[in-house]
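Everything below concerns the one structure shown next.
The values are calculated or read from the model by the stated rules, or taken from the named source; none is laboratory data. Only a predicted model underlies this, so the values are computations on that prediction, with no experimental measurement involved. For neighbour counting, all protein chains shown are included, and Cβ atoms are generated from backbone atoms with ideal geometry for every residue, glycine included.
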Amino acid sequence: MKNLLEISQLNNQQIKELIALATELKKKSCNFDQNYSKFSMANLFYEPSTRTRVSFELAAKSLGMPVINLDLKSSSETKGEILLDTIKTLEAMGINILVIRHQKEGIAEFLSNNVKTIKIINGGDGKHAHPTQALLDMMTILEKKSDVKKLKIVIVGDIKHSRVANSLQSICSIMQVGELCLVTPEQWIPQAISFGNITTSLKQGIKNADVVIALRIQKERFLPEESLNIDSYCQNYRITNEIMQYAKSDAIIMHPGPVNRGIEIDSKVVDSDRSLILEQVKNGVFIRMAVLKRLLDN
Ligand code: CP
């Protein structure tokens, strides 16, 4: 694996191997390996992040790799340097892996096509893709539910602006998930979906669900002409304990984070026993460790 740009570059076997490796790493108390100390990783985040940025840093350091967190306010881009030249500069200094988060869709792929040795990981590009999120989500699901071919997974919320929803569609398609249902208001139905079916009815969508994934409203990606009636949204689409009664009794609840409590999901549901939100965060460290290992071992 030279880069990780989007889930569709992986096949079923490669996804299973990454999740198996992450599971193995999760069981160990120490994953430090002297062999990785000769490699280095840089984080370059043009959008806010807690989970992705910190877990990549933790993953790299746990393996023994030095990590550079480039501070955008003091980087030479403020003096007019273009992004590609910044990346080539990091490459010339010997950085081996770059994790980039950017508002521009396709930027990770563009960079990967224009550098020589540095390996690019897409940490989220606009509303296009967030591959490591999909991998950690699937790892979390598989820890609780064994046969994905029999599962009904439901994603609820702002599907139109969500890179998480896109990458989940890809991974569910590749792994042949039994049913994927996307629940969203009329205004957020995307022009195209790659897998699953769409409904505007939360009750209908969530019926018999095994897994319910709530999404944050991505206001930062709204076009100037887009608006939202938040009260109406909360009334019709917020995940509550009451609405969860339509799902299977052992259904699990997930959210990629950050959570806006009381908006897309009730605070009580976030903190309930069936919520795996913090387990997703934990698994994120091990999935990212597995991805770093695969990029450096091959
Ligand atoms: N899920 C996710 O990408 O979270 P952060 O924005 O905190 O990285």
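Matching residues to (1) in contact with a strand residue (DSSP E or B) (Cβ under 8 Å, 6 or more places away or on another chain); (2) assigned to a helix (DSSP H, G or I); (3) surrounded by fewer than 13 Cβ atoms within 10 Å (Cβ to Cβ):
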residue	(1), (2), (3)
SER29	no, no, yes
PRO48	no, no, yes
GLU57	yes, yes, no
GLU77	no, yes, no
ILE87	yes, yes, no
GLY94	no, no, yes
Look through LEU4, LEU25 and report the one residue that is among the aliphatic types (A, V, I, L, M) and touching a strand residue (DSSP E or B) at 6+ places or on another chain (Cβ under 7 Å).
-> LEU4
Would you list the helices (runs of 4 or more DSSP H) that sit entirely within the range 198-275 and hold 3 or more residues that are on the phi > 0 side of the Ramachandran plot and within 16 Å of the ligand (Cβ to nearest atom)?
-> none
Can you pull out the residues in the range 171-197 that are away from the ligand (no atom under 16 Å from the Cβ), under 19 Å from GLY124 (Cα atoms) and out of contact with any Lys or Arg (no Cβ under 9 Å at 6 or more places or on another chain)?
-> CYS172, ILE193, SER194
Pairing a residue in the range 154-174 that is over 13 Å from VAL212 (Cβ atoms) with any residue that is hydroxyl-bearing (Ser, Thr, Tyr) and surrounded by fewer than 24 Cβ atoms within 10 Å (Cβ to Cβ), where Cβ atoms lie under 6 Å and the two sit 6 or more apart in sequence or on different chains, gives ILE159/THR184; GLN169/SER194; SER170/SER8
Checked VAL259, VAL291 against criteria (within 30 Å of LEU10 (Cα to Cα), without any contact (Cβ under 8 Å) to a residue 60 or more places away in the chain and of a type outside the set (Gly, Ala, Ser)); the one match is VAL259
Options ASP158, ASP137; residue that is part of a loop (DSSP other than H, G, I, E, B), crowded, with 24+ Cβ neighbours inside 10 Å, within 16 Å of the ligand (Cβ to nearest atom) and modelled with pLDDT of 95 or more | ASP158
Any residue in the range 94-105 that's closer than 18 Å to LYS38 by Cα: show its pairings with residues that are within 15 Å of the ligand (Cβ to nearest atom) and of a type in the set (Gly, Ala, Ser) at Cβ separation under 6 Å, as long as the two are six or more apart or on different chains.
-> VAL99/GLY123
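Results for (1) farther than 26 Å from SER249 by Cα; (2) among the small types (Gly, Ala, Ser); (3) more than 15 Å from the ligand (Cβ to nearest atom), shown as yes or no for each residue.
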| residue | (1), (2), (3) |
| --- | --- |
| VAL99 | yes, no, no |
| SER112 | yes, yes, yes |
| LYS116 | yes, no, yes |
| GLY124 | yes, yes, no |
| HIS128 | yes, no, no |
| ILE141 | no, no, yes |
| VAL148 | no, no, yes |
Verdict on LYS149 being over 12 Å from the mean Cα position of the chain (by Cα), assigned to a helix (DSSP H, G or I) and touching a residue at least 24 places away in the same chain (Cβ under 8 Å) | yes
Among the residues of the range 190-204, is any among the aliphatic types (A, V, I, L, M), surrounded by fewer than 19 Cβ atoms within 10 Å (Cβ to Cβ) and touching a helix residue (DSSP H, G or I) at 6+ places or on another chain (Cβ under 9 Å)?
-> yes
Pull up the range 48-83, narrow it to residues that are without any contact (Cβ under 8 Å) to a residue 60 or more places away in the chain and within 13 Å of the ligand (Cβ to nearest atom), then point me to the one that is farthest from the chain's Cα centre (by Cα).
-> GLU57
Do we find a residue being closer than 26 Å to SER173 by Cβ, assigned to a helix (DSSP H, G or I), in contact with a Ser or Thr (Cβ under 8 Å, 6 or more places away or on another chain) and of a type outside the set (A, V, I, L, M) anywhere in the range 3-21?
-> yes
